[in-house]
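Data block below; observations after.
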Amino acid sequence: MKKNNIAFLLALFALTSSCSKKSSKEITSPDKPGEVIDTTPSPVGDVVGKITVGYQGWFAAKGDGSPIDAWWHYTQDWGKIPSPTNLGIKSWPDVREYTETFQTGFADLGNGQAAKLFSSFTTQTVNTQFLWMQQNGIDAAALQRFNPNGIEGPARDAITAKVKTAAEAYGRKFYIMYDVSGWTNMQSEIKTDWTNKMSAYITSSAYAKQNGKPVVCIWGFGFNDNNHPWSASVCLDVINWFKSKGCYVIGGVPTHWRKQESDSRPNFISAYKAFDMLSPWMVGRIGNANESDGFFMNVNKPDQAYCNSNGIDYQPCILPGDLQERQRAHGDFMWRQFYNMKRVGCQGIYISMFDEYNEGNQIAKTAENSSFIPKGSSFVTLDEDGTACSSDYYLRLTGDGGKMFKGQIALTAVRPTSPM
């Protein structure tokens, strides 16, 4: 019996260990004397050691069958067709692999084809995009979820169900990423939304888990603007509520969270430290390789050191660059970020974004050259600096960056990915 009891206890210990951090390296908190912090990084899971993409999934078209039945996020006036005078996107997608697309008010493409756009509500669209993730080694999608209580709510709910099915079909992970921007009654309504709707998804085999816990991200706490007005105590309440529900909670936080300056509110460190993982925002902060190097030395390295000493996992943001602003340098800008974040020793990488055609920083398939954009339009294409790039180039570049991050290829400052 003793042997059986010992075997049982060993098995129980192994099980509990697999759902927590590995053998701990503990220090005393410098902020709270007597408090012990486990500073051991989390083991590889569905976000630690992995490449995650931000997934908007927020495009719709009139007649696509979606509850919103409008040109959602494609236009300024969603009730009217996309045209040169009614436009909400900066980059034109490559739609050749979508079987259902929707006619716009633009002139035909340079190749003579009709100027059509996809809808994120179409099942084939979601499946195609998750297939691209599978083909390019992208591990997880952080599905953006804004205030779901307005007219957009039913469309967001329906697309969440389609993402779950696609992630299961293509062997990808997904998790809910609440963007709380402008959400007036966020403190109570986010809890209700999780309890009544989103928590049902954690039973899916595709729902991301880290340290044995379902992953939730909250983007927007601590930003120093009127769109994110909550105090640190309100944010701490929400973070701790999700943790009490057994979640591993990621914070999409301001770039300068550690110093609590610039884009960060002051006196917010208690909220930032409550997150299991921090993912500082980078869009608009850098636009070339030299600026990435500067952030590596002055921001990312001290961020990583702070997270290491406080038992927080670090998931920096990597972006391809704003195509319309000609930041991409045929992939050299994005690759430099992969190189720097591998050198910094981060726990995970967040790509901003997969399908953000509105801001021009998408990695999803994009018009290669003038033959794939409407005639007479001003959309910048992937060959903007004279280097021809295939429409899937930034997906492939992300795949290679992921291999370097995971140690499957050697660390190299020289981009290995051919543009064509």
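Per-residue Karplus couplings for the stretch 294-307, computed as 6.51 cos²θ - 1.76 cosθ + 1.60 with θ equal to phi - 60°, are listed in order as x, 5, 4, 6, 9, 10, 5, 4, x, 4, 4, 4, 5, 4 Hz, Gly and Pro entered as x. The 3J(HN,Hα) values that the Karplus relation (6.51, -1.76, 1.60; θ = phi - 60°) gives for the stretch 272-288 are, in residue order, 4, 5, 6, 5, 6, 9, 10, 10, x, 6, 10, 4, x, 8, 9, x, 7 Hz. Gly and Pro appear as x. Within the accessible area of the chain, the carbon and sulfur atoms contribute 52%, probe 1.4 Å, all protein chains present. In the chain, the longest principal axis of the Cα atoms and the axis of helix 2-18 are about 40 degrees apart.
Rolled with a 1.4 Å probe across the full set of protein chains, the surface gives residue 143 an accessible area near 10 Å². For the chain, the longest principal axis of the alpha carbon atoms and the long axis of helix 332-344 meet at an angle near 0°. Cross-link partners of residue 301 among aspartates and glutamates, defined as those whose alpha carbon lies under 16 angstrom from its own and excluding same-chain residues fewer than eight positions apart: 291, 293, 313.
The residues of the stretch 64-144 have, on average, 38 Å² of accessible surface per residue, using a 1.4 Å probe with all protein chains present. For the listed residue pairs 162/197; 50/162; 243/273; 197/245; 342/406, the alpha carbons are over 18 angstrom apart in 50/162. Per residue, the accessible area of the stretch 212-265 comes to 36 Å², computed with a 1.4 Å probe over protein heavy atoms only. Residues whose amide H falls under 5 Å from that of residue 51, counting only those 5 or more places apart or on a different chain, are 139, 140, with hydrogens built in the peptide plane.
Estimated from helices alone, the mean residue ellipticity of the chain at 222 nm is -9000 deg cm²/dmol (sum of -39500 (n - 2.57) over DSSP H runs with n ≥ 4, per residue). In the complete set of protein chains, residue-level accessible area for residue 58 is approximately 30 Å², probe 1.4 angstrom.
Apply the a/c threshold of 1.5 to the C-alpha gyration tensor of the stretch 202-350 and tell me whether it is rounded, prolate or oblate. Prolate, because a/c is 1.5 or more and a/b exceeds b/c. Below 10 angstrom from the Cβ of residue 47, what's the summed charge of the other residues (Lys, Arg +1; Asp, Glu -1)? Overall, the nearby charge balance is -1.
The values are calculated or read from the model by the stated rules, or taken from the named source; none is laboratory data. As the structure is a prediction and not an experimental result, all values here were calculated from the model. Reconstructed Cβ throughout: ideal geometry from the backbone, glycine too, with neighbour counts over all protein chains shown. Areas reflect the complete protein model, heavy atoms only, side chains present, ligands, DNA and RNA absent. Shrake-Rupley method; radii C 1.70, N 1.55, O 1.52, S 1.80 Å.
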